[in-house]
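> What follows is a single structure, and I will ask about it in a moment.
The values are calculated or read from the model by the stated rules, or taken from the named source; none is laboratory data. In this text the structure is predicted, and so the values were computed from the model without any measurement. Here the Cβ positions follow ideal geometry from the backbone for every residue, glycine too, while neighbour counts run over all protein chains shown. SASA here: full protein model, heavy atoms, side chains in, ligands and nucleic acids out. Shrake-Rupley method; radii C 1.70, N 1.55, O 1.52, S 1.80 Å.
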Amino acid sequence: MPPSQNVDFTQVTLSNVSRSYGRRRALSQVNVVLSAGEIIGLLGPNGAGKSTLLGLLSTLAEPSGGQVFYGDLSASQGGAALRAQIGFLSHDLQLYPELTARENLEFFGGLYGLDRVPERATEALARANLSVRADDGVDGFSRGMRQRLALERTLLHAPRLVLLDEPFTGLDEASCTALVSRLTQLRAAGCIVVLATHDLDLVDPLLDRAVFLRLGRLGELGSAGPLRARYRAALAESPPPRGARGQADAARSAPTEPAP
Amino acid sequence: MRRFFQVSWLVVRKDLRVESRNKEMLLTTLFFAVSCVLVFSFGFVRGGEALAGSASGVLWITIAFSGTLALGRAFERERHHDALRGLLLAPAERPAIYVGKLLGVLLLLAFVEALVVIMVAFLFRAPLFQHGWWLLTLLGLGTVGFASVGTLFSAMLLRTRSRAVLLPVLLYPVTIPVLIMGVSGTFALVQPEPDLALARLWASMLCFFDVVFLTLALWTFEPVMTE
Amino acid sequence: MNKRAFPVLMGLSLVFFAVAPVLIVRAPYEQEMGLIQKIFYFHFASWMAMYLAILVLGIASALFLFRRKPAADRLAVAAAEAAVVFGLMGLITGPLWAVKSWGVWWTWDARTTMAMILELILVAYLILRAYGGPGSDRLAAGLGMFAMANLPFLYVSTEIWRTIHPPTSVVPTLPVDFGLPLWWSVAGFVVLCLALLTARVRLEEQRATLDRLYLALEEE
C-alpha cells in the first residue's frame, strides 16, 4: 500500500475515550496525548483495561464513546494508510507456528506490501538473533525466541506508532537488554512507543512518561522517585469506587502486585 | 486491483504451505466425509440397491457437513495465536483477506468433493459421471455459494464464545437454498431420464444466489470484523 | 422513539381488528374452499407484516453496520422478533389452508420452503444475539442483511418454480368483494406490526438508558 495519505504521527490524541461491554466498562473517559519520540509506560493491575486501550490505539477496536485522533485523522478516516504506520505486538504473538521464522516474516512483509522483503526478513532475523534458526518451524521455538521474532515482525514495516503488550515476557537477560536498546533506537527515530508492562525496574530508566490505568480510568504517574514507589503509591491512592456494585467489581479485579 | 489479488494470493499460499506441513485439515475433513458417506449408505442402501433418488441428497449433505467442519478449522488457525489480528492490521483491503481464505476453503472442498462423488457413484450406483460437466458445474456453483457464506460467518464468529455451536446454527438456514438447488439439480441429472433443461434452471438459480451471497459477504466483511 | 407512538398505533390497530371480522364475514362465501377460505385474510396479512418486519430488519442492520447508529440496532432487534412472530402465524395458518386445498398439511413447495427458511434465519438471528456474547450485535447485523437478501427470492419463488402455491400476482386481480376485507386485514396487521416495533424499541431504549445509568453510577 503506497502511503498516499501522509498520516501525521507527531501526536496521537485520545479524547474522552470510553469502551464498555453492556454494563461492564473497560475504559472510562480516557484523555491522553502521546507525542513522537516518547516511550510511554502503560501500567496497571491485571484487568485494568491495558489491552483494551492498546486494541483501540491499533484501530482494531472502536471506542464506544469519544475519539482517537492520529494527527487530525480519526481511525476510520485513516484506514489502510493509517494501519501501515502502526505496529502492534499483542500478548498472543500473531505468528503461525507451522511456518518457519523466515516464512512468517516474509508473509507479513508481503501483506504490508514492502519492497525487498527477503532482505528485510534476513536483517530482522539477525536482529532477533535467530539467523541460525531462520528456517526452523516456529512451533519448536521457546517463548523467548517467539517473543523476539514477534517483535521483529511488529517492527518489520518501520511503524511510527509502536504498541507493545508485555514485550519482556519470557526474555532472558541478554534479550531484555537488546530489547531496551531497540526501544531507545525507536525513540531516537521519533516513534511513539506505548509499552504495557509489569517489569517496573527494567523499564524505569527507559520511560519518558508513565500512565496508570485502574478500573478503566487513566491517570499520569508523577516523575519523582523510582517508578516502583510511584506505582505503589498510585495503587494505594486510587479511591475505591463507591456503591455495592462498585465494591463487588473492585473485589473481582483486586489489584495484583507486579512480579518483581 | 493487482494488490487485492496479491494479498489474496499471499493468504492462499500461506494456508497451502501450512496445510502441506501438517495436512490436518485435509485428512480430517476427508476422513469425516468418507465416514459420512458410509453412514448414509448403511441407512439408504438395502441389498445393494440404493433408495430411489437418495444419491443426490447424500452427496450434498456430506458436502455440507464436511464443509462445516473445514470452515470451523480454517479460522481456528487464525485464532490460535491471534494471527487474525495480524491479518486485519495489515494495510491491505480486508475483503482481499476474505477472498484468500475463501479460495483456500474452496480448494480443500474440491479435494473432498472429488472423493465423495466417486464414493457416492460407487456405493449408491448413481450415474453421476453420465453428465460429468453438468455435475461439475452444479458442484462448483453450489460450493461457492456455501463456502462464501461459511467463510464470512466462520470469520465473524471467531470473537464469540460459542462459535463451534453457532457456526452450523447460522450457516445452515442461510445456505439451505443453495443445498436445495444443488440436490434438485443433481437429482435431475441422475434420474433414469436425465432432464438437462431442469439442471440448467437450477444451475442458473445457483449462479444468482452466488452473486448475491458473494456481494453481501465482500460488502459486510470489513465492518463485521471491527471489534 | 416518541412515547405517544405506541398507544396511537395500538389503538389504530385495535380499530382495524375490531372491524376486520365484520368485513370478513360479509365477504362472499367461497364455494370450493368453504369456511377455510376465510383463513386467507389472516394468512396473507401476517406474511405481509413479516415482509415489512424483515425489510426493516435489513435496512436497520445495514445502517448499524455501516453508519454505527446504536438506534438502528435497537430497531433491528425489534424487527427480528416481530418477524418471527408474524412468520409463525403464517406458518401455522398455512397448513390449515393447505390441508383443505391440497389435502396435505405441509408440502415442500417453493414458497413454503422459502418461508420456512426465512423463519429459521430469523430464529438463528435471535440465537446469535442471545448466546453470541459481547460484540454479537454487529455480527447479527450481518446476518440481518442476509435475511433481507432472501426476500426477493421469496417473492418470486411462486413465479419461477413450478409450484402449487398460488402466486402473489393473484392478489391484485381479486374481485373487490374479496379484495376489500383482504387489504383491510393487511392494513390491520401492518399497523399492529408497527405498534409492536415501537413498543419493543422503547424497551430497548430503556435498557440502554439503564446500562448508561449503571455505568454512570460506577463512574462516581
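> Which of A:Gly55, A:Gly87, A:Gly225 ends up with the largest GNM mean-square fluctuation for chain A, with Cα atoms connected below 10 Å?
A:Gly225
> Separate question: In peptide A:17-24, how many Cβ atoms from other protein chains are near each Cβ within 10 Å, on average?
Values: counts 0, 2, 1, 6, 3, 7, 8, 5.
The per-residue average across the peptide is 4.
> I need two numbers for the stretch C:49-219: Rg to one decimal and Dmax as a whole number, Cα atoms only, in Å.
In Å, with Rg to one decimal and Dmax whole: 18.4, 65.
> For the stretch A:1-109, compute Rh as the Kirkwood radius over C-alpha pairs and then the Stokes-Einstein diffusion coefficient at 10 °C and 1.306 mPa s; write the answer in µm²/s, rounded to an integer. Please list the in-between numbers first.
Numbers: Rh = 15.5 Å.
The diffusion coefficient I find is 102 µm²/s.
> Hey, can you list the residues from the stretch B:69-102 whose accessible area shrinks by 30 Å² or more with all protein chains present, relative to the chain by itself (probe 1.4 Å, no ligands or nucleic acids)?
Listed by number, the residues meeting the 30 Å² cut-off are B:His81, B:Asp82, B:Ala83, B:Arg85, B:Gly86, B:Leu87, B:Leu89, B:Ala90, B:Pro91, B:Arg94.
> Order C:Asp211, B:Asp15 by their accessible area, 1.4 angstrom probe, all chains in place, largest first.
Reading off the accessible areas and sorting them downward yields C:Asp211, B:Asp15.
> Of all beta bridges DSSP finds with both residues in chain A, what is the antiparallel percent, to the nearest 5? Intermediate results must be reported in sequence, preceding the final value.
Numbers: 21 of 39 bridges.
Approximately 55 percent, going by the DSSP bridge assignments.
> In whole angstrom, and with the biggest value first, how far do the Cα coordinates of chain B range along each principal axis?
Projected onto the principal axes, the Cα atoms of chain B cover 56, 34, 29 Å.
> Counting helices only, and only those DSSP H runs with n ≥ 4, report the 222 nm mean residue ellipticity of chain C as the sum of -39,500 (n - 2.57) divided by its residues, in deg cm²/dmol to the nearest 500.
Estimated from H runs of four or more residues: -28000 deg cm²/dmol.
> Turning to a different aspect of this structure: Roughly how big is the B-A contact, given as buried accessible area in Å² (both sides, 1.4 Å probe, nearest 100)?
Answer for the B-A pair: about 2700 Å² buried.
> Taking the Cα centre of each part, how many Å lie between the stretch C:44-118 and the stretch A:192-222?
Centre-to-centre (Cα) distance: 53 Å.
> A further question follows. With label points built 7 Å along Cα→Cβ from the Cα atoms of A:Val132 and A:Glu237, find their separation and express it in nm.
According to this spin-label approximation, the distance is 4.8 nm.
> Residues with amide H under 5 Å of A:Glu38's amide H, sequence separation 5 or more or different chain, H placed in the peptide plane at 1.01 Å from N; which?
A:Val193
> Another question, then. How many times 2.2 N^0.38 Å is the alpha carbon radius of gyration of the stretch B:125-225? If you can, show how the numbers build up before the last one.
Working: Rg = 15.6 Å, N = 101, 2.2 N^0.38 = 12.7 Å.
Relative to the 2.2 N^0.38 Å estimate, the stretch B:125-225 comes out at 1.23.
> With a point put 7 Å past each Cα toward its Cβ, work out how far C:Thr209 is from B:Glu24 in nm, to one decimal.
5.0 nm
> Cα-Cα pairs above 47 Å in the protein assembly as shown: how many percent?
Percentage above 47 Å: 30.
> Once you put a point 7 Å from the Cα of A:Ala229 and another 7 Å from the Cα of C:Lys3, both along the Cβ direction, what distance in nm separates them?
Taking the two extended label points, one gets 5.9 nm.
> Given chain A, what whole percent of its Cα pairs are spread farther than 28 Å?
On the way: 12021 of 33670 pairs.
For chain A, the fraction of Cα-Cα distances above 28 Å is 36 percent.
> Ok, one more. Under a straight-distance cross-link criterion of Cα-Cα below 25 Å, which lysines are reachable from C:Lys69, leaving out those fewer than 8 residues away in the same chain?
C:Lys3
> So for chain A, averaging the separation of alpha carbon pairs under 8 Å that are six or more residues apart and normalising by length, what relative contact order in percent results?
Details: 454 pairs, mean separation 68.6, N = 260.
Answer for chain A is 26 percent.
> Round to the nearest 0.05 the FRET efficiency obtained for B:Val211 and C:Arg68 when R0 = 25 Å and r is the Cβ-Cβ distance. Numbers along the way, then the final one.
Details: r = 28 Å, r/R0 = 1.10.
The calculated FRET efficiency here is 0.35.
> For peptide A:105-112, compute the average count of partner chain beta-carbon atoms within 10 Å of each residue's beta-carbon.
6
> Please find the FRET efficiency linking B:Asp195 to B:Phe122, where r is the Cβ-Cβ separation and R0 is fixed at 30 Å, and quote it to the nearest 0.05.
The pair B:Asp195/B:Phe122 has a calculated efficiency of 0.80.
> Then there's this: At 222 nm, what helix-only mean residue ellipticity would chain B give, in deg cm²/dmol to the nearest 500, using -39500 (n - 2.57) for each DSSP H run of four or more?
-29500 deg cm²/dmol
> Can you give the mean number of other chain Cβ atoms that lie within 10 Å of the Cβ atoms in peptide A:51-62?
Neighbouring Cβ atoms belonging to other protein chains average 2 per residue here.
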